[in-house]
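These notes concern the structure reproduced below.
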Amino acid sequence: MKFKRVASLLGALLVGAFLLAGCGSNSSNNNSSSNKPLTFWYAGDGDADVKPMIKQFTKKTGIKVKIQSIPWSQYNDKLLTAASSKSGPDVLLIGTTQIAQFASSNSLMDLSSTVKKDQNLAPSKYFSGSEKTTMYQGKYYAVPWYAETRVLYYRTDVLKAAGYNQAPKTWNQLYDAALKLSKRGKNMYGFNVDGSEPTFGFMFARQNGAQLMKNGKTQFNSSQMVSALNYLHKFIQNGASPKQDLKLTIAQSFGKDAPIPMFISGPWMMSSIKSDAGLKDSQWNVAELPKGKNNTSVMGGGDLAVFQYSKNKTNAIKLLKFLSKKQSQLTYYKQSDSMPTLKAAWNDSSLQSSKIQVFRKQLNHSQPMPAVKSWDEIGQNYLDVWQKIALQNANVQKSMNEFNKQSQTLIDK
């Protein structure tokens, strides 16, 4: 299925948020430019979602902020230039999988003392998985700003016709329902095993009790991970899931007769379904992920960091703290649908719908991918391995043995 994966793309593409050379500073002097406007790099095609908070910050502090809104398509090309030139913003939005890469290259300010001294930034105030995205080797290099996780989307009417009055709650129920739904006719399936999402197999491996990393060593060929991938492969082998992305719109895959009535995705799909699928609100719903040994999902989203070479770290930290406040996170949610990382923010009336609250529950059982600087490359390599399993019936154990060695080599570089 060809979905609009705004939040998911953020981790891979925010890599370039360092990148517009000349927008920032090339000195490590902390405060020599305290009267100059701050530069805030924001990922997106415009700054409408973030402008309200920036205006509030300037009104309260008198500190002016220049927003650099950078299209996602430009990020990767400009990353190396900015990192090598030590020229970037004062404050930046960064993808949750990018912290390790940029912290290890000394491009981000160590915020550990700031987090320790400010109770408003206390890790306990955030979802556990979200807080972990800001850490690298025991230090904090960012603070959580917005969170996203994956849940199960399903057609309530289609599942009811197959004998399910509620969403599957276990792996066995998920497979049983998917298999029944695939018997509806030609080109009908029950569930989408997402072969274009790098975290998908790792998420199911964790649900099966797998530990992805142990003492710096990859565990991708463990019995738990291999068993999880065999479970997913079973959907494809028995026709319960398509072998690969069918390139369907959400209206084609999830609307009308719903060729794919169940899939796993993030909160960005809510608006797409509402606007494009042509469904009544009662015809679809979301649910926490079905359990294997657990129902751990993937924690993603965006964090706020200070560029190591900013000349105005004092004011940069003021902006970071302001944007991290509960009211700022709620304002950003109302502007962008990006969900708050502060647990207290979820008491707000704007987040009380039954569908939104499913994400709240799943966030309690969501963890980020391992904090290793080569993770994005590992994720892309996994997709290549999965394609061979899905399309060529490659042996899962042998495939993962090779993938495990390849991944460890990347980490050891």
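Considering the stretch 28-76 alone, what residues qualify as being surrounded by 15 or more Cβ atoms within 10 Å (Cβ to Cβ), of a type in the set (Ser, Thr, Tyr) and at pLDDT below 95?
33, 39, 42, 69, 75
Is there any pair linking a residue in the stretch 378-394 that is touching a residue at least 12 places away in the same chain (Cβ under 8 Å) and within 18 Å of residue 199 (Cβ to Cβ) to one that is of a type in the set (Val, Ile, Thr) and crowded, with 16+ Cβ neighbours inside 10 Å, with Cβ under 7 Å and at least six apart or on different chains, and which?
379/199; 389/396; 390/236
Any residue at all in the stretch 104-120 that is part of a helix (DSSP H, G or I) and touching a strand residue (DSSP E or B) at 6+ places or on another chain (Cβ under 6 Å)? Even if it seems obvious, please write down each step before you answer.
Filtering the stretch 104-120 down to residues part of a helix (DSSP H, G or I) leaves 104, 112-117, 119-120.
Keeping just the survivors that are touching a strand residue (DSSP E or B) at 6+ places or on another chain (Cβ under 6 Å) gives 112, 115.
Scanning the stretch 104-120 turns up at least one residue that is part of a helix (DSSP H, G or I) and touching a strand residue (DSSP E or B) at 6+ places or on another chain (Cβ under 6 Å).
How many of the residues in the stretch 252-271 are farther than 21 Å from residue 149 by Cα and in contact with a Leu (Cβ under 9 Å, 6 or more places away or on another chain)? If you could, list the steps in order and put the result at the bottom.
Applying the first criterion (farther than 21 Å from residue 149 by Cα) to the stretch 252-271 yields 252-253, 255-259.
From what's left, in contact with a Leu (Cβ under 9 Å, 6 or more places away or on another chain): 252-253, 255-256, 258-259.
So the answer is 6.
Among the residues of the stretch 337-372, how many are within 23 Å of residue 92 (Cα to Cα), within 15 Å of the chain's Cα centre (by Cα) and not hydrophobic (A, V, I, L, M, F, W, C)? Working first, answer last.
Taking the stretch 337-372 and keeping what is within 23 Å of residue 92 (Cα to Cα), we get 337-343, 345, 367-372.
Those left that are additionally within 15 Å of the chain's Cα centre (by Cα): 337-341, 367-371.
Narrowing further to those that are not hydrophobic (A, V, I, L, M, F, W, C): 337-338, 340-341, 367-368, 370.
Counting residues in the stretch 337-372 that are within 23 Å of residue 92 (Cα to Cα), within 15 Å of the chain's Cα centre (by Cα) and not hydrophobic (A, V, I, L, M, F, W, C) gives 7.
Please work out which residue is nearest to the chain's Cα centre (by Cα), limiting yourself to the stretch 197-221 and to residues that are under 30 Å from residue 163 (Cβ atoms) and assigned to a loop (DSSP other than H, G, I, E, B).
Applying the first criterion (under 30 Å from residue 163 (Cβ atoms)) to the stretch 197-221 yields 197, 200-201, 203-209.
Of the ones still in play, those that are also assigned to a loop (DSSP other than H, G, I, E, B) are 197, 208-209.
On the way: 197: 11, 208: 20, 209: 21 Å.
Applying the filter and picking the extreme gives 197.
Sort out which residues of the stretch 140-177 are in a helix (DSSP H, G or I), under 26 Å from the mean Cα position of the chain (by Cα) and crowded, with 23+ Cβ neighbours inside 10 Å, and write them in order of number.
Residue satisfying the conditions is 174 alone.
Going through 335, 380 one at a time, which residue ends up being modelled with pLDDT under 95, part of a helix (DSSP H, G or I) and surrounded by fewer than 16 Cβ atoms within 10 Å (Cβ to Cβ)? Steps first, please.
Values: 380 fails: modelled with pLDDT under 95.
Matching residue, one of 335, 380: 335.
Search the stretch 250-267 for residues that are in the same structural domain as residue 288 (by TED's automatic domain parsing) and under 13 Å from residue 159 (Cβ atoms) and pair each with any residue that is among the aliphatic types (A, V, I, L, M) and assigned to a helix (DSSP H, G or I) when their beta-carbon atoms are under 7 Å apart and the residues are at least 6 apart or on different chains.
Close Cβ pairs satisfying both conditions: 254/273; 258/158; 261/158; 261/159; 261/181; 262/178.
Can you list residue pairs whose Cβ atoms sit under 9 Å apart, with the first residue in the stretch 345-368 being among the basic types (Lys, Arg) and the second being surrounded by 13 or more Cβ atoms within 10 Å (Cβ to Cβ) and in a helix (DSSP H, G or I)? Count only pairs 6 or more apart in sequence or on different chains.
Correct list of pairs: 355/270; 360/343; 360/346; 360/351.
When residue 133 is evaluated against the numbered criteria (1) buried (at least 22 other Cβ atoms within 10 Å of the Cβ); (2) under 17 Å from residue 295 (Cβ atoms); (3) in contact (Cβ under 8 Å) with a residue 40 or more places away in the chain, which criterion, by number, is the only one it fails?
Single failed check for residue 133: (2).
How many residues are closer than 30 Å to residue 102 by Cα and part of a loop (DSSP other than H, G, I, E, B) when one looks only at the stretch 263-294?
Our first condition is that a residue be closer than 30 Å to residue 102 by Cα; within the stretch 263-294, this holds for 264-269.
Those still in the list that are part of a loop (DSSP other than H, G, I, E, B) too: 266-267.
Residues in the stretch 263-294 being closer than 30 Å to residue 102 by Cα and part of a loop (DSSP other than H, G, I, E, B): 2 in total.
The values are calculated or read from the model by the stated rules, or taken from the named source; none is laboratory data. Please read all numbers here as calculations on a predicted model, not as lab measurements. We place every Cβ from the backbone using ideal geometry, glycine too, and count neighbours over all the protein chains shown.
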